[in-house]
Amino acid sequence: MQIFLQTVIASDICRTMIYADYNATAPVRPEAKAAMLTALEVGANPSSVHGPGRAARKLLEQARSQVGLAIGARAQDIVFTSGGTEANALALHGVVAQLEGKCTLLVSAIEHEAVAKNAGYAGVAIETAYVTAKGRLDLDWLRDRLSKWDADRDGIPVLALMMANNETGVVQPVAEAAALVREAGGLTHCDAVQGLGKLMVNVGLLGVDYLALSAHKVGGPQGVGALWVRSGAPLKPVLFGGGQERSLRSGTENLSGIAGFGAATEAAIRDMPKLQALAAARDAMEAKLVSEAGVTVFGADVDRLAQTSNFAIAGFRAETQVMAMDLAGVAVSSGSACSSGKVKRSLVLSAMGVDDDLSESAVRISFGWDTALDDFDTVADAWLQAARRTVLRTA
Ligand code: PLP
């Protein structure tokens, strides 16, 4: 994909780059931009009862239907939030508040910080739900733990399990895990931020109770997300105010952002077959990197998102790779970049038993709706050139 990235630092110099960091943020889709402009032009509060307010409400409810339809849910069970982080926070703090703390959070070892840290601040007991070396939740561990559940001591089990991992793309056995938890009288929250538009997401088939989404991973704007809440599932609000979003999330809705989210979601569902077809080009790229450089591909032999590749070669530090690729006109991220842009050891790879040397060298390539098939070759060639100048030369 050829896009223009505008650097705002010095002037309006434009550079042509291949963007391979969709799991961080997908570029905004044209459908989303158009919907956002329409909503901005309405310029009224969806809670107002006058004509412009009713027009704003119509756009809001249209987006709710678009998001609901994409996940097989009723529109009225969707609560719009300021993003995936807030959706996860609402689910975790909201369920703990409603259960008055009488629960234990089982948090998978590979959750995004938006889940792991909110669980940590929820004020109840937390246990790590282990993953296998392949990066999938260990269902045997879960079965065993639930069989020993002591409701008097542990309260209700609440599992937090993501749909697909943001670093490795490994798809999690959410439906199987949720069934086990349900049988044990518990609840499941699924962070589906990386699943929407890449996998079929159907809340009924998954059998979960809460599901978090984020607009900017599907080509909508940043700063918008949603929490789906199963009708009747325990949840208390964590933000109080004007009572918007069925009183579950007060605050005037970000109408243009939500309109963009709805339009992007609809387009992402339409484009899903195209995205899934990227797997063949991704696999060919990985095969080339394995044969020419001996890289280790994480999650290679389990079900993975078609557009994600996370690999490493010991001794070639992730920061160096990211910078070399940037100079070569390819935007990638380290396997474990945090919000400050610094590279830290990946907890996901550690949970999979990957040693530190390899983990510190992990880079993530993630493609999306505007990727051309030959982008994979360009990325592979850029990476191999950088590796030959450094780690392969000394090998
Ligand atoms: N959950 C996962 C799996 C993510 O990848 C991200 C973003 O990287 C989030 C949650 C947070 O979403 P947001 O950036 O919309 O707050």
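General remarks:
- Beta carbons closer than 7 Å, at least 6 apart along the sequence or on distinct chains, pair a first residue in the stretch 24-41 that is within 29 Å of VAL332 (Cβ to Cβ) with a second that is open to solvent by 60 Å² or more (accessible area, probe 1.4 Å) and within 16 Å of the ligand (Cβ to nearest atom) for THR25/GLN222.
- Of all residues in the stretch 126-142 being out of contact with any Asp or Glu (no Cβ under 7 Å at 6 or more places or on another chain) and part of a strand (DSSP E or B), the one that is nearest to MET352 (Cα to Cα): LEU137
- Residue within the stretch 78-90 that is part of a loop (DSSP other than H, G, I, E, B) and on the phi > 0 side of the Ramachandran plot present: yes
- Total residues in the stretch 220-255, condition on the phi < 0 side of the Ramachandran plot, open to solvent by 10 Å² or more (accessible area, probe 1.4 Å) and within 16 Å of the ligand (Cβ to nearest atom): 8
- The set of residues in the stretch 350-395 that are within 13 Å of GLU167 (Cα to Cα), open to solvent by 20 Å² or more (accessible area, probe 1.4 Å) and among the polar types (S, T, N, Q) contains only SER350.
- Filtering GLY84, GLY53, GLY120, GLY135 for residues that are without any contact (Cβ under 8 Å) to a residue 12 or more places away in the chain and within 16 Å of the ligand (Cβ to nearest atom) leaves a single hit, GLY120.
- Scan of the stretch 285-311 for residues that are out of contact with any helix residue (DSSP H, G or I) (no Cβ under 8 Å at 6 or more places or on another chain), assigned to a helix (DSSP H, G or I) and of a type in the set (Gly, Ala, Ser), ordered by number: ALA287, SER291
- Cβ-Cβ distances below 7 Å connect the following pairs, each with a first residue in the stretch 268-285 that is closer than 20 Å to VAL67 by Cβ and buried (at least 18 other Cβ atoms within 10 Å of the Cβ), a second residue that is modelled with pLDDT of 95 or more and charged (D, E, K, R), and a separation of six or more residues or different chains: LEU275/LYS198.
- Tally of residues being among the charged types (D, E, K, R) and either more than 25 Å from LEU69 (Cβ to Cβ) or assigned to a loop (DSSP other than H, G, I, E, B) (or both) across the stretch 177-205: 2
The values are calculated or read from the model by the stated rules, or taken from the named source; none is laboratory data. Just so it is clear, the structure is predicted and the values come from calculations on it, not from any experiment. Note that we place each Cβ from the backbone using ideal geometry, even for glycine, and neighbour counts take in every protein chain shown. Accessible surface is based on the protein model in full, side chains and every heavy atom, while ligands, DNA and RNA are left aside. Shrake-Rupley method; radii C 1.70, N 1.55, O 1.52, S 1.80 Å.
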